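Everything below concerns the one structure shown next.
Since every read-out is calculated from the coordinates, none of them should be taken as a lab result. Here the structure is a predicted model, which means the values were calculated and not measured. Cβ sites come from the backbone with ideal geometry, for glycine too, and all protein chains shown count toward neighbours.
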Amino acid sequence: MTREQFKDWRKSMGWSQDEAGEQLGVGATTIQNYEAGRRRGDNQPVEIPKAVALACSALSHGLGEWGPETQKILSPGAEAAMSRRALREARRLVTEALARLDEATP
């Protein structure tokens, strides 16, 4: 996950840096470092760990910490429901994009 992708993810969730940090279990400074791609203070490069990228994906799909509720979501048959949800979201995005194209076309 790039720093730009991370920032886009956070904004798509409607979260401030503080809120994203709270959801991911890290401080706001860590979120700022991820988005800047550099660590404050010593300016060393910062990579977003794979575990954080996976957590972002889980949160985007409405999943929280692992537990009984998460297990229900991932029970047999849940994969098909998630696929239907993803398909509905894709259709919505395509419809919105086509509407914007129609509005922009003279």
Taking the Cβ of THR95 as the center, what net charge do the other residues with Cβ under 12 Å away carry, scoring Lys and Arg +1 and Asp and Glu -1?
+1
Total charge of the residues flanking ALA20 in space, meaning their Cβ is under 10 Å from its Cβ, with Lys and Arg +1 and Asp and Glu -1, is -1
